[in-house]
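Presented below is the structure to which this report refers.
The values are calculated or read from the model by the stated rules, or taken from the named source; none is laboratory data. If you're wondering where the values come from, they're calculated on a predicted model, not measured in any experiment. Glycine gets a Cβ as well: all are built from the backbone with ideal geometry, and neighbour counts include every protein chain shown. All accessible areas refer to the heavy atoms of the entire protein, side chains included, with ligands and DNA or RNA removed. Shrake-Rupley method; radii C 1.70, N 1.55, O 1.52, S 1.80 Å.
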Amino acid sequence: ALCICLLCAFAMKIHRKAEPIALGALENTVSSFIEQTVICAVKCELEEKKYTWDDFCTKIIMPDGSIASLNANTASMSVMCADVVSRINSEIRHKKYINIPVPIGSIIAPKYLSGKGFRINVRAVPYISVSAEISSDMQEAGINQTLHRISMTVVSDVQVICMSGSVAFRRESRVVLAESLIVGKIPLT
């Protein structure tokens, strides 16, 4: 019984030493998961609802055929944001915990055995809050041409908790939803 107690105490000590190492890798692992989830959610919404630039913006045309203004379709943009956030939250709910494998050599003798040996899994629980907003910007794209880009920025506030501590960070993901090249009249001189 004493041997079992000593073995358990040794295993707990090694596990506690592994957690700070895992905390360093948590931000990268969770950030990668969030980035993939955001891209997948936006792609699925765009494909399922068949959104185009015209769904987000309306051109007001002058009698001579030139563009007088662009009107944003805020209702369509708001629906897109809500649907993407809902899809991301649904995916996040399925992610109950994250396992970070830490090599035993990195714990016992990191100077000589870093990355070597079998791996100890450190379990962490992510808590993620997501919000999204759509923005548009215009850039010069040649003589009297303008590139109009509509993008969505998804902000994720993350806190990951494990036994020895927690990591909190914010992740912003920007995804282009639609682009349109607006061609104006080219002056003769």
Q) Quick check: anything in region 105-117 small (Gly, Ala, Ser) and open to solvent by 70 Å² or more (accessible area, probe 1.4 Å)? A) yes
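On the basis of being in contact with a helix residue (DSSP H, G or I) (Cβ under 8 Å, 6 or more places away or on another chain) and among the hydroxyl-bearing types (Ser, Thr, Tyr), does SER151 make the cut? Steps first, please.
On the way: in contact with a helix residue (DSSP H, G or I) (Cβ under 8 Å, 6 or more places away or on another chain): no; among the hydroxyl-bearing types (Ser, Thr, Tyr): yes.
Spelling it out, it is not the case that SER151 is in contact with a helix residue (DSSP H, G or I) (Cβ under 8 Å, 6 or more places away or on another chain) and among the hydroxyl-bearing types (Ser, Thr, Tyr).
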**Q.** Among (1) of a type in the set (D, E, K, R); (2) within 15 Å of the chain's Cα centre (by Cα); (3) under 17 Å from LEU26 (Cβ atoms) - the single one ARG119 does not satisfy
**A.** (2)
**Q.** Given (1) open to solvent by 50 Å² or more (accessible area, probe 1.4 Å); (2) in contact with a Ser or Thr (Cβ under 6 Å, 6 or more places away or on another chain), number of the condition LYS49 does not satisfy
**A.** (2)
